[in-house]
1. Just the accessible area for Thr141, please: 1.4 Å probe, Å², rounded to the nearest 10?
2. Taking Cα pairs under 8 Å and at least six residues apart, what relative contact order does the chain come out at, in percent?
3. Would you kindly state how much longer the chain becomes between Ala128 and Asp203 on full extension, computed as 0.36 nm times their sequence separation minus their alpha carbon distance, in nm to one decimal?
4. Using only the Cα atoms of region 55-113, what are the Rg and Dmax in Å?
5. For region 34-231, what is the accessible area per residue in Å², given a 1.4 Å probe and the full set of protein chains?
6. Tell me the carbon and sulfur percent of the accessible area for the chain, rounded to whole percent, probe radius 1.4 Å.
7. I want to check a number: in the chain, how many lysine pairs have alpha carbons closer than 26 Å, given a sequence separation of 8 or more or different chains?
8. Please work out the C-alpha center-to-center distance from region 83-132 to region 193-232 and express it in whole Å.
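The values are calculated or read from the model by the stated rules, or taken from the named source; none is laboratory data. Just so it is clear, the structure is predicted and the values come from calculations on it, not from any experiment. Here the Cβ is made from the backbone with ideal geometry for all residues, glycine too, and neighbour counts use every protein chain on show. Calculation scope for accessible area: heavy atoms of the full protein, side chains included, ligands and nucleic acids excluded. Shrake-Rupley method; radii C 1.70, N 1.55, O 1.52, S 1.80 Å.
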Amino acid sequence: MSTHTYPACCEKDNGSALGTNATLSSPISVDGTPVIGEVYTVPARCGRAVKLSKGQVIRITNTPGSQVCDTWLFNSADLSEFSSMEHTRAFINKITPQPGDALVSNQRRPIGTLLSDTSPGVHDTLIAACDLYRYSNMGITEYHDSCADNMRLALNAIGLRAKEVPQPLNLWMNTPVNPDYTISWLPTVSQAGDYVEIRAELDCIVVMSACPQDIVPINGCNPQDVHFSVAE
Ligand SMILES: [Zn+2]
């Protein structure tokens, strides 16, 4: 099992990255405010954070079709309120949100709404973001990019910090629960250019990570870029 420990300098919470990558130096703007209509890249293995005002819509595009994008929404006014998959599942009575469904926060109020989805609708809400411990457990002995660190670094890059890494909405991740309750780890079933649109129901920070998982085949073992844009 993992032998990683927190550096002595870190606060005793889950908010500090365990390593770094280009995410930290590549925000879309100083505070994450987007240019409306501009198409931004979440580079393979990296993360980005974008600030949305209530009512704005983010389109997240699976440009290669084969890429998983871990996604979080944080209340801009209070980062301890965030999209919560366990609360969302109870709110919508579904394992996976579909167009029209709310993404609710850990205060059980909508923080976003999934407006549209051109993909077959296969996403995951059960599996934790990959993190350094996950890769350590898989035998990786050096630093490995992870969705957890990408979330932390993407927030850090716009001057923010959350105290934990919530369960993400794992867009396009194909990890079905089988009839015998086992979980399979499969490639996506989405097509190149498939997208989802999410409307902000609160002023919020949306964080995305182009999952760097290259050991189990959820990204075809070949992490690639995804893209996003924001509309009024
Ligand atoms: Zn990941």
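1. Using a 1.4 Å probe on the heavy atoms, I get roughly 130 Å².
2. Numbers: 615 pairs, mean separation 90.3, N = 232.
Taking the mean separation of contacting Cα pairs over the length of the chain, I get 39 percent.
3. Values: separation 75, 0.36 × 75 = 27.00 nm, distance 2.46 nm.
Taking 0.36 nm per residue and subtracting the Cα distance, the gain is 24.5 nm.
4. In Å, with Rg to one decimal and Dmax whole: 12.3, 35.
5. Details: 7570 Å² over 198 residues.
Solvent-accessible surface per residue comes out at 38 Å².
6. On the way: 5190 of 9870 Å².
C and S fraction of accessible area: 53 percent.
7. Details: Lys12/Lys163; Lys51/Lys163; Lys54/Lys94; Lys54/Lys163.
The number of close lysine pairs in the chain is 4.
8. 14 Å
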